[in-house]
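Taking it in order: structure first as structure tokens, then the write-up.
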Amino acid sequence: MLNNELTSDFIGSKRYTILQSLNNSHINFQWQIGKYFIDKKMQHDEDFIAAESRRLTEKWGNLFNVENIKLAITFATLIEDEIHVGILGTVITWKYLKVLLPLNDAELVFRFTRLCIDENLSITVLQKSVNQVIAGGDIPKLPKVKRKKTKVDYLYSTEMVEYDKNSPVPFRSHDILIFDSSRQLAPDGIINNLFPDNDLESFLKLNIPNKGFTEN
């Protein structure tokens with residue numbers, strides 16, 4: 001029996017739970033894709049990757065393009081523990097991980113993930129920071145975000161943020177991120193960026209019939 005009124009906050013929180021569950025499944029699936037190639041010891045075989053990409057893309061869409069497969073392989077190489085994969089699935093989306101994986105360093109991926117959570121970074125700001133590290137620099141001291149409070153029903157809209165130029169960003173370690181595994185995303189968390197994701201949406205819609213079921 002339903003113990004809650006169907007208020008906007010209640011419905012919004014349930015929608016949020018559904019999207020978070022979907023995101024966790026998506027992150028785990030990307031890891032499994034990468035693990036498939038690693039288990040076959042084909043993660044460095046360009047011809048095999050290209051052939052599998054053609055085979056899978058034909059039926060399942062662009063989620064299996066060569067670039068995405070290679071990122072999935074990197075993901076499964078860097079993050080070997082499935083528990084850690086599950087933790088990432090509760091706090092970050094594949095769109096963000098695709099920016100982080102070229103760092104090729106699990107500790108940096110976790111540090112930037114914490115930074116994304118704490119500061120609600122946009123993809124653009126994150127990409128610039130990652131590029132700086134790849135170029136040989138340190139993780140930059142990014143400005144703190146002055147957040148606007150959002151209602152649960154508007155969790156998935158893009159949020160405008162203002163930056164304080166002089167505020168350093170504190171870092172928390174990989175271990176603390178693991179211990180925080182049960183933490184829910186804040187209402188303005190980066191789950192906002194799960195959609196739109198054209199590859200994921202196409203993958204989910206491919207086998208859904210256009211019309212409802214008919215009686216026999």
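Every number here is computed from the coordinates shown, using simple stated rules; none is lab data. Predicted model, so just to flag it, every value in this text is computed and none were measured. Here the Cβ is made from the backbone with ideal geometry for all residues, glycine too, and neighbour counts use every protein chain on show.
Under the Karplus relation 6.51 cos²θ - 1.76 cosθ + 1.60, θ = phi - 60°, what is the ordered set of whole-Hz ³J(HN,Hα) values for segment 53-61, x standing for Gly and Pro?
Listing the rounded values in order: 4, 4, 4, 7, 5, 4, 9, 10, x Hz.
So the label point goes 7 Å from the Cα of residue 50 along Cα→C-beta, right? Which residues of segment 66-105 then have their backbone N under 18 Å from it?
Under cut-off, by backbone N: 66-71.
How long are the semi-axes of the ellipsoid equivalent to segment 1-60, from square roots of 5 times the Cα gyration tensor eigenvalues, in whole Å, largest first? Present the calculation step by step, with values, prior to reporting the outcome.
Working: eigenvalues 329, 29, 12 Å².
Equivalent-ellipsoid dimensions as semi-axes: 41, 12, 8 Å.
What order, most packed first, do the peptides 78-84, 34-40 have when packing is the mean number of other Cβ atoms within 10 Å of each residue? Present the calculation step by step, with values, prior to reporting the outcome.
Values: 78-84: 14.7, 34-40: 16.7.
Descending mean neighbour count gives 34-40, 78-84.
Would you mind checking the pairs 70/205; 35/59; 35/128; 41/98 and listing those with alpha carbons more than 25 angstrom apart?
Those over the limit are 35/128.
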